[in-house]
1. Take residue 152 and tell me if it is touching a strand residue (DSSP E or B) at 6+ places or on another chain (Cβ under 8 Å), modelled with pLDDT of 95 or more, within 14 Å of the ligand (Cβ to nearest atom) and on the phi > 0 side of the Ramachandran plot.
2. Among 71, 117, which is the only one that is in contact with a Leu (Cβ under 9 Å, 6 or more places away or on another chain) and β-branched (Val, Ile, Thr)?
3. Just to be sure, is residue 57 in contact with a helix residue (DSSP H, G or I) (Cβ under 7 Å, 6 or more places away or on another chain), of a type outside the set (A, V, I, L, M, F, W, C) and within 13 Å of the ligand (Cβ to nearest atom)?
4. Tell me which of these residue 141 doesn't satisfy, since it passes every other one: (1) touching a residue at least 12 places away in the same chain (Cβ under 8 Å); (2) over 21 Å from residue 28 (Cβ atoms).
5. What are the residues in the stretch 2-36 that are closer than 21 Å to residue 84 by Cα and either of a type in the set (Gly, Ala, Ser) or away from the ligand (no atom under 15 Å from the Cβ) (or both), if any?
6. I'm trying to understand the selection: among the residues of the stretch 84-109, which are over 30 Å from residue 236 (Cβ atoms) and among the aliphatic types (A, V, I, L, M)?
7. In the set 122, 80, 71, which member is of a type outside the set (Asp, Glu) and under 16 Å from residue 15 (Cα atoms)?
Amino acid sequence: MIFVFSGTGNSYHAAKRIATALECDMVEMAAAVRYKRTFYNASDEPVGFVFPVYFHGLPSVVEEFLSTVEVRRPGHVFCVSTCAGESGRACEQVQEILGNRLRVDASYDVLMPENAVFYEDVPGKDEAKAINDAADAAIDGIISSIKAGEKGDRRTMAGSDCFEKMREDYEDFRFTDRFSYDENCIECRICEHVCPEQIIKVYHRKPVWDDAMCSMCMSCVNMCPKRAIQMGDITKDRGRYFHPTYYMWSLGVTPPYKREDFERYDKGLR
Ligand SMILES: Cc1cc2nc3c(=O)[nH]c(=O)nc-3n(C[C@H](O)[C@H](O)[C@H](O)COP(=O)(O)O)c2cc1C
């Protein structure tokens, strides 16, 4: 059983690759929080948590999920953090929050393309492809390690000398009033569909962030086909990124939903 949270598809891709190799089911953590689903029976199968690193730690919705989840009959338990260079203390947080409810046997991190457009520009198509190809090889290594039942801390980008400060910054940062849409909005509602926490609602055909705070997954900014969603002024002249195999399950489109489909939106062929 693989529990996943993903904003722009990196973690979803990693989780899907692992779940396919281990023949496990996937559970989306944001949806589980929404539906208040806390109890799972793993039937002695492996249990994995796959998520992106935010501000050297966990996305807030993952913290929320972990604070109540109960897993009966867990097999080998592992976590995989996807990050753009520093996986910080996210995996330590998983164990801290789970406490005695579940013991994590192994922790991994995977370098994947940056999606934090507010922080720095995202990689271009070629650079992102090179990073994703290397990530696939790393994920396959993780799969072999999980299958072999290897234990311990297997991360290569972990550690943070400013963890407390980063987490304070995250709490200050994740107010949705930072988001806005501009004149390029074509009212396609993709932002509403891709928001994993379902915080964006479309009223009068335009997006409204209907909660004061969110996890800041950046899916709305990165996946708007017209680059019409901004975070302050900083994202206006920056690129956008989402994983090329991102399965947009929430759009109800037969997966895989590919970049070309976005380009069709771009040309107005909806
Ligand atoms: C709010 C936010 C904070 C982030 N903080 C970090 C960080 O502390 N360290 C890091 O290496 N990457 C950081 N990133 C980059 C993501 O962890 C990385 O791109 C991840 O693979 C995205 O996964 P996803 O596509 O599944 O959402 C951050 C991204 C966001 C949106």
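1. Values: touching a strand residue (DSSP E or B) at 6+ places or on another chain (Cβ under 8 Å): yes; modelled with pLDDT of 95 or more: yes; within 14 Å of the ligand (Cβ to nearest atom): no; on the phi > 0 side of the Ramachandran plot: yes.
Judged against the criteria, residue 152 is not a match.
2. Numbers: 117 fails: in contact with a Leu (Cβ under 9 Å, 6 or more places away or on another chain).
It is 71.
3. Details: in contact with a helix residue (DSSP H, G or I) (Cβ under 7 Å, 6 or more places away or on another chain): yes; of a type outside the set (A, V, I, L, M, F, W, C): yes; within 13 Å of the ligand (Cβ to nearest atom): yes.
Criteria met by residue 57.
4. (1)
5. Within the stretch 2-36, 6, 7, 9, 11, 14, 15 meet the criteria.
6. Going through the stretch 84-109, the residues over 30 Å from residue 236 (Cβ atoms) turn out to be 89, 91-109.
Selection gives 94, 97, 98, 102, 104, 106.
7. Values: 122 fails: under 16 Å from residue 15 (Cα atoms); 71 fails: under 16 Å from residue 15 (Cα atoms).
Residue meeting the stated conditions: 80.
Residue by residue, here is whether (1) hydrophobic (A, V, I, L, M, F, W, C); (2) surrounded by 15 or more Cβ atoms within 10 Å (Cβ to Cβ); (3) assigned to a loop (DSSP other than H, G, I, E, B) holds:
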| residue | (1), (2), (3) |
| --- | --- |
| 183 | no, no, yes |
| 188 | yes, yes, yes |
| 193 | no, yes, no |
| 217 | yes, yes, yes |
| 225 | no, yes, yes |
| 235 | no, yes, yes |
| 240 | no, yes, yes |
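The values are calculated or read from the model by the stated rules, or taken from the named source; none is laboratory data. None of these values were measured; they are calculated from a predicted model. Positions of Cβ are generated from backbone atoms using ideal geometry, with glycine treated the same way; all protein chains shown enter the neighbour counts.
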